[in-house]
1. Pick from Pro113, Pro161, Pro49 the residue whose mean-square fluctuation is largest in a GNM of the chain, springs joining Cα atoms under 10 Å.
2. What dipole magnitude, in Debye to the nearest 20, does the range 76-157 give about its Cα centre under +1 on Lys/Arg Cβ and -1 on Asp/Glu Cβ?
3. Roughly how many debye, to the nearest 20, is the charge dipole of the range 40-187 about its Cα centre, given +1 on each Lys and Arg Cβ, -1 on each Asp and Glu Cβ, and no other charges?
4. Could you work out how much longer the chain between Glu157 and Ile86 gets when fully extended? Use 0.36 nm per residue separation minus the Cα distance between them, nm to one decimal.
5. Towards the positive end of the charge dipole of the range 60-167, with charges on Cβ (+1 Lys, Arg; -1 Asp, Glu), say which of Ser144, Leu130, Thr155 has the farthest Cα.
6. Taking a ≥ b ≥ c as the square roots of the eigenvalues of the Cα gyration tensor of the range 48-111, is the shape rounded (a/c under 1.5), prolate (a/b larger than b/c) or oblate?
7. Determine, from the Cβ-Cβ distance of Lys218 and Asn5 and an R0 of 25 Å, the FRET efficiency 1/(1 + (r/R0)^6), rounded to the nearest 0.05.
8. Give me the count of lysine pairs in the chain whose alpha carbons sit under 24 angstrom apart, restricted to pairs 8 or more positions apart or on different chains.
Amino acid sequence: MELKNAVAVVTGANRGLGRHLAAQLVERGAKVYAAARRPETVDVPGAVPLRLDVTDEASIREAARIASDATLLINNAGISTGATLIGGDTDEVRREMETNFFGPLAATRAFAPVIEGNGGGAVLNVLSVLSWLHPAGLGSYAASKAAAWALTGATREELAPRGIAVSALHVGYMDTDMAAGVPTDQKVAAADVAAQALHGIEAGLPEILADETSRYIKQALATAPQPNAG
């Protein structure tokens with residue numbers, strides 16, 4: 001997909017990876033709707049602030065009505081509560097699933113007809129290496145990202161006949177607020193991840209592996225011995 005003159009909607013664009021994605025899209029010549037629950041917090045030069053709360057379907061529908069020229073949706077908004085699946089607060093588990101799975105699902109459902117009506121385009125879901133790796137201490141987050149990976153694969157097949165490519169971005173620790181407690185030498189720069197994500201969209205990659213951790217885990221999954229059948 002050519003990003004110059006594309007019309008992109010980036011959720012969670014007021015900080016972190018979302019802000020870098022929005023800023024780099026503007027630099028590439030795209031029109032950008034920088035979406036956030038509080039659009040007044042968006043400070044991306046050249047972008048159009050857009051109110052969009054991924055946990056509020058009315059907000060999503062209104063955003064799709066306003067951004068009626070969209071050709072690219074980037075489902076970036078997400079949360080990590082640190083809840084475990086057995087001992088964690090069930091409300092936190094539900095909140096994580098609502099934001100990280102049902103939010104991208106609702107946004108994709110709302111924007112798919114918009115993108116199709118504008119001649120086709122793409123959707124990028126920002127996932128994680130924890131789509132594949134499920135440590136107990138981050139069980140809720142991992143479950144939500146695994147569900148979002150399944151969402152990506154299923155919607156890729158469903159939307160392909162409508163001229164919409166669907167990609168997933170996988171990454172380990174990024175230098176953002178969500179990973180503030182992680183040592184700096186274990187994190188990759190969000191700006192670098194954004195650049196790789198946009199390159200992947202342009203190249204039409206179904207999965208974009210943005211760091212060594214995601215590439216290693218993906219390779220390990222591919223080569224892991226399979227249990228005997230029967």
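1. Greatest mean-square fluctuation among the candidates belongs to Pro161.
2. Details: 5 positive and 7 negative charges, 31 e Å.
With Lys and Arg at +1 and Asp and Glu at -1, about 160 debye.
3. Working: 10 positive and 18 negative charges, 86 e Å.
Magnitude of the dipole: close to 420 debye.
4. Numbers: separation 71, 0.36 × 71 = 25.56 nm, distance 3.33 nm.
22.2 nm is the gain from fully extending Glu157 to Ile86.
5. So the residue we want is Thr155.
6. Working: a/c = 2.94, a/b = 2.76, b/c = 1.07.
Prolate.
7. On the way: r = 32 Å, r/R0 = 1.30.
That pair, Lys218 with Asn5, gives E of 0.15.
8. On the way: Lys4/Lys31; Lys145/Lys187; Lys145/Lys218; Lys187/Lys218.
Lysine pairs meeting both conditions in the chain amount to 4.
The values are calculated or read from the model by the stated rules, or taken from the named source; none is laboratory data. Everything numeric here is computed off the predicted structure, so don't read it as measured data. Ideal geometry is used to build each Cβ from the backbone, glycine not excepted, and the neighbour counts take in all protein chains shown. Each accessible area value is taken on the protein alone, full model and side chains, heavy atoms only, with ligands, DNA and RNA left out. Shrake-Rupley method; radii C 1.70, N 1.55, O 1.52, S 1.80 Å.
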